[in-house]
Every structure is written in C-alpha cells, then in structure tokens.
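Structure record follows, encoded as structure tokens.
No lab work stands behind these numbers, since they all come straight from the coordinates. Since the model is a prediction, treat every value here as computed from it, not as a measurement. Ideal geometry is used to build each Cβ from the backbone, glycine not excepted, and the neighbour counts take in all protein chains shown.
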Amino acid sequence: MTENIIFDVDGTLWDSAEVVARAWNIVYERRGLTRRFSEKEVSECMGMTLEEIEEKIFSDTPPQEKKEIIDDCLTTQNALLQREGGKLYPMVKETIEELSSNYGIYIVSNCECGYIEALLSSTGMGAFVGDFLCAGMTGQGKGDNLLTLMKKNGLKNSVYVGDTRMDETACKKAGIPFIWAAYGFGTAENPAATVKSISEVKEAVKRL
C-alpha cells in the first residue's frame with residue numbers, strides 16, 4: 001500500500017518556461033548580450049540538470065563569463081518566480097492538499113537551489129510538502145536523490161509522479177513505481193500508471 005507520493009516539478013506541478021525565458025532575457029539584455037531565449041527553447045530543457053542545460057542552451061555564452069551569467073540567470077528567474085509563480089497545471093494545489101491528508105508528499109527535481117522554494121512560496125503549497133531535494137542541493141542525479149530523500153525521511157512504499165523518460169529511469173534506479181504525467185513535457189516507455197491530469201493521481205495510486 002502506497003504511503004508516500006514524490007512529485008517532479010516541471011511538467012508535473014507547473015510550467016514555468018515563459019517566466020524563466022523572460023528572466024534569462026532580462027539578464028542578457030542587462031549585460032548587453034544579443035542572445036534571446038524563447039519559451040519553446042526553455043521548455044525543451046525542463047527536467048534537465050544544470051550541466052545538461054548549459055551544454056544545450058548556454059553553449060554560445062562567452063566562456064569567460066559563463067558561470068557568472070548562468071548564476072545571474074538562476075537568481076533572476078527565482079526572484080521572478082517568487083513574485084509571479086509559474087503556470088500551475090489545473091487542480092494542482094487542490095490535489096496536493098487533498099493527497100496530503102492521506103499520504104506523505106515530497107518533491108525531487110533536477111533543478112537548482114531556490115527553484116522548489118519559489119514554487120512552494122508562490123503557490124502556498126509549502127504546508128503540504130514534507131521535504132524536498134534537488135540536484136543543486138546534492139550534485140546528484142534524480143535516481144540518487146530519490147534514494148537519498150527516502151533514506152533521510154525513512155520513507156517506504158513510495159511512488160514518483162513525473163513526466164519524462166528520465167524520471168522513469170530514475171524510478172527504476174530507486175526501485176519505486178513511476179506514474180507518468182502524460183500532460184507534461186515528455187514521454188514514457190512502461191509506466192506503472194498514466195494520468196492525464198494531476199487530479200487522477202489519487203485513483204492511480206490506489207490501483208498500484
């Protein structure tokens with residue numbers, strides 16, 4: 001019987017691509033750089049680690065300034081997300097609140113520090129989430145972070161809800177069922193369950 005539900009962020013709880021693209025463009029404009037990021041470009045990076053994003057989207061950034069610019073982008077995006085939030089998928093807050101009455105609710109993401117905090121602060125969902133972990137906090141991949149979070153909190157009988165094959169692979173490493181959020185950014189190969197809306201998670205968990 002499932003006791004805990006661990007959620008991904010991007011493509012599962014919200015879509016922040018428009019706000020993130022806008023934040024990065026603010027940084028580049030402020031620094032006099034001509035490069036501009038589209039919402040589509042940013043959405044294609046959702047779920048990646050910072051190293052993967054750096055290789056995919058920041059490869060043409062001036063090498064001598066790259067770390068400083070990326071740090072500026074992350075700081076600016078998190079500040080903007082704190083104020084405005086991303087676009088929550090329908091029924092996310094209501095579903096998380098309802099699920100928290102019967103399950104432990106946790107978050108594991110490949111994001112950097114400050115991003116999950118911005119999500120929880122801007123949406124008011126912090127009260128429903130027991131703990132969270134991200135790549136920026138540990139330097140680990142998602143599979144290892146799932147294992148770390150579960151060990152840290154003594155979690156058993158857990159499931160993960162995410163939207164990409166990377167999430168599915170992480171669940172295999174962590175030895176937990178993967179529920180595919182088909183409304184998100186990615187695809188899945190052989191999920192334990194599929195949901196077309198986060199509101200379907202409750203029934204999907206019961207069937208596992």
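Find how many whole Å separate the alpha carbon centroid of region 14-39 from the alpha carbon centroid of region 45-106.
When both Cα centres are located, 13 Å separates them.
Given (1) 1.00; (2) 1.07; (3) 0.97 as candidate values of Rg/Rh (Cα atoms, Kirkwood Rh), which corresponds to the one derived from the coordinates?
Here Rg/Rh (Cα atoms, Kirkwood Rh) agrees with entry (3).
R0 = 45 Å: FRET efficiency of residue 79 with residue 207, Cβ-based, nearest 0.05?
Computed FRET efficiency for residue 79 and residue 207: 0.65.
In percent, how large is the relative contact order of the chain, given Cα pairs closer than 8 Å and 6 or more residues apart?
27
What share of the DSSP beta bridges in the chain is antiparallel, in percent to the nearest 5?
Within the chain, antiparallel bridges account for around 10 percent of the total.
For the chain, which span is the longest to avoid every loop-located (per DSSP) member of GluC sites (Glu not before Pro) having at most 16 other Cβ atoms inside 10 Å?
45-188
Could you work out, for region 17-84, what percent of all Cα-Cα pairs fall into each 10 Å distance bin, beginning at 0 Å and stopping at the bin that holds the largest distance?
Result returned by the calculation: 21, 61, 18, 0.
Assuming 0.36 nm per residue, please report the length gained on full extension of the stretch residue 156 to residue 18 beyond their Cα-Cα distance.
Values: separation 138, 0.36 × 138 = 49.68 nm, distance 3.63 nm.
Between residue 156 and residue 18, full extension yields 46.1 nm more.
To the nearest 500 deg cm²/dmol, what mean residue ellipticity at 222 nm is calculated for the chain from DSSP H runs of n ≥ 4 alone, each contributing -39,500 (n - 2.57), summed and divided by the residues?
The helix-only estimate for the chain comes to -13500 deg cm²/dmol at 222 nm.
Can you sort 160, 89 so the residue with the fewest Cβ neighbours within 10 Å comes first? Please report the intermediate quantities before stating the final value.
Numbers: 160 26, 89 19.
Lowest count first: 89, 160.
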